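For reference, the structure discussed in these notes is given below.
Only the coordinates and a few stated rules stand behind these numbers; no lab work does. In this text the structure is predicted, and so the values were computed from the model without any measurement. Because the Cβ atoms are built from the backbone with ideal geometry, glycine has one as well, and the counts that use them run over all protein chains shown.
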Amino acid sequence: MVTCKRNNSHQDFCALTKALDAELNARYGKEQALYDKHNVIDPIETALVGYENDVPVACGCFKKIDAKTVEIKRMFVDPNCRRRGFSSQLLCELEAWAVELGFSEACLETGKGQPEAIALYAKMGYAVIPNYGPYVGMENSVCMHKALRS
């Protein structure tokens with residue numbers, strides 16, 4: 001997979017996140033509506049799209065939380081391309097980009113109904129933390145944190 005830096009309004013990023021939203025709605029049903037407002041991201045320049053044979057197959061981005069922390073958002077790999085290491089590659093590239101920009105920590109939120117995502121993040125060095133920010137009190141949320149290394 002080849003990744004390209006994009007912004008979150010790029011057509012390929014938008015198409016992939018639309019597919020992500022459809023998958024989340026299928027997994028969580030009406031409960032997903034509680035989370036939809038947290039998945040709307042102001043315009044940002046820190047998005048990646050992964051391509052295989054010029055076809056967009058994966059995406060992810062991060063947004064600044066504070067001077068040292070980013071939040072990983074909108075991670076998705078097309079179902080036909082899963083189990084090939086694309087999510088790990090994408091996450092590593094997002095983390096490296098965050099370090100280049102001077103950040104030293106990353107956090108994220110995923111759902112209890114996504115055990116494969118929780119396993120990926122744990123494998124990549126993320127540890128479960130108490131729910132933060134908008135996820136406090138949301139029982140389906142799993143929040144995680146990692147110290148980034150340069």
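Quick notes on this structure:
- Normalising the Debye intensity of the chain to I(0), with uniform scatterers on Cα atoms only, and taking log10 at q = 0.16 Å⁻¹ returns -0.86.
- Local electrostatic count, Ile118, Cβ distance below 12 Å [Lys/Arg +1, Asp/Glu -1]: 0
- Summing charges over neighbours of Cys107, with a neighbour being any other residue whose Cβ is under 9 Å away from its Cβ, gives -2 when K and R count +1 and D and E count -1.
- Within the straight-line cut-off of under 20 Å between alpha carbons, the aspartates and glutamates reachable from Lys63 are Asp12, Asp21, Asp36, Asp42, Glu45, Glu71, Glu93, Glu95, Glu100, Glu105, Glu109, sequence neighbours fewer than 8 places apart in one chain being disregarded.
- Kyte-Doolittle mean at least -1.0 and Cα axial length at least 20 Å: DSSP H helices in the chain: 11-28, 86-100
- Ordering Phe13, Phe62 by the number of other Cβ atoms within 10 Å of each residue's own Cβ, fewest first, gives Phe13, Phe62.
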